[in-house]
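What follows is a short report on a single structure.
The values are calculated or read from the model by the stated rules, or taken from the named source; none is laboratory data. The structure displayed is predicted, hence computed values, not measured ones. Glycine gets a Cβ as well: all are built from the backbone with ideal geometry, and neighbour counts include every protein chain shown. Side chains included, ligands, DNA and RNA excluded: accessible areas come from the protein's heavy atoms. Shrake-Rupley method; radii C 1.70, N 1.55, O 1.52, S 1.80 Å.
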Amino acid sequence: MRAAAISTPKLDRMPGMFFSANPRESKGTTHSLLDDKVPKRRPKTFGMDMKAYLRSVIPHLESGMKSSKSKDILSAAEVMQWSQSLEKLLANQTGQDVFGSFLKSEFSEENIEFWLACEDYKKTESDLLHCKAEKIYKAFVHSDAAKQINIDFRTRESTAKKIKAPTPTCFDEAQKVIYTLMEKDSYPRFLKSDIYKNLLNDLQANSLK
């Protein structure tokens, strides 16, 4: 009788993330969530066991908290740097994932998904710009988008015109609006959230062992 295979979740398949900030991690990905319309579900309330919750949203976190000399191990110092600026938080792959999970709990994950999509788009080859621009526009910017971002009418209309003759910078204006929104609204709440504070506390406690 064959034993059931157990699949291990991978970082680049985090729920709610369309693109990886690391181009190497993007290779081999054939399915784009831009084509899916997934209804939002209310996540479970943070329970008493925050560590279990963190493991569920960041599968590699438990091993990452173990003491090791590996550069890939998440450290308390690294997580503390996330509090310096949103830029430093988003420059870190795990930071993106943890922040994305927090935004998902607030039903605003489309903001980081759009921001990451724009970062990925800027690295797109010229002959693929039109196709990718259309997908991003339909997924996030269009008035009927499944994950419509909160931008003003002028920016929405300006972006719609720019994608007709797409360039690597045609989403820059909208991306800046969303970055500012996250920076002033979601990011300060994230730093005060249980998901961030418990992660930092666990890593600090682990470093003392």
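For region 74-89, a residue qualifies if it is open to solvent by 10 Å² or more (accessible area, probe 1.4 Å) and either assigned to a helix (DSSP H, G or I) or touching a Ser or Thr at 6+ places or on another chain (Cβ under 8 Å) (or both), and the qualifying residues are L74, S75, A76, A77, E78, M80, Q81, E87, K88. Among the residues of region 154-172, at least one is part of a helix (DSSP H, G or I) and under 18 Å from L86 (Cβ atoms).
So K162 passes all but one of these: (1) within 22 Å of H130 (Cα to Cα); (2) surrounded by fewer than 15 Cβ atoms within 10 Å (Cβ to Cβ). Which condition number does it fail? Failing condition for K162: (2).
Restricting F140, F153 to those that are farther than 15 Å from E183 by Cα, modelled with pLDDT of 95 or more and crowded, with 19+ Cβ neighbours inside 10 Å reduces the list to F140.
Selection within region 100-137: residues that are of a type in the set (A, V, I, L, M, F, W, C) and open to solvent by 30 Å² or more (accessible area, probe 1.4 Å). The member of this set that is nearest to V177 (Cα to Cα) is W115. Comparison of F99, F107 shows that the only residue that is within 19 Å of P188 (Cα to Cα), of a type in the set (A, V, I, L, M, F, W, C) and assigned to a loop (DSSP other than H, G, I, E, B) is F107. Within region 56-102, being at pLDDT below 95 and β-branched (V, I, T) holds for V57, I58, I73. Which one of the conditions (1) within 28 Å of L199 (Cβ to Cβ); (2) of a type in the set (A, V, I, L, M); (3) in a helix (DSSP H, G or I) does L128 fail to meet, given that it meets all the rest? Among (1) within 28 Å of L199 (Cβ to Cβ); (2) of a type in the set (A, V, I, L, M); (3) in a helix (DSSP H, G or I), the lone unmet condition for L128 is (1).
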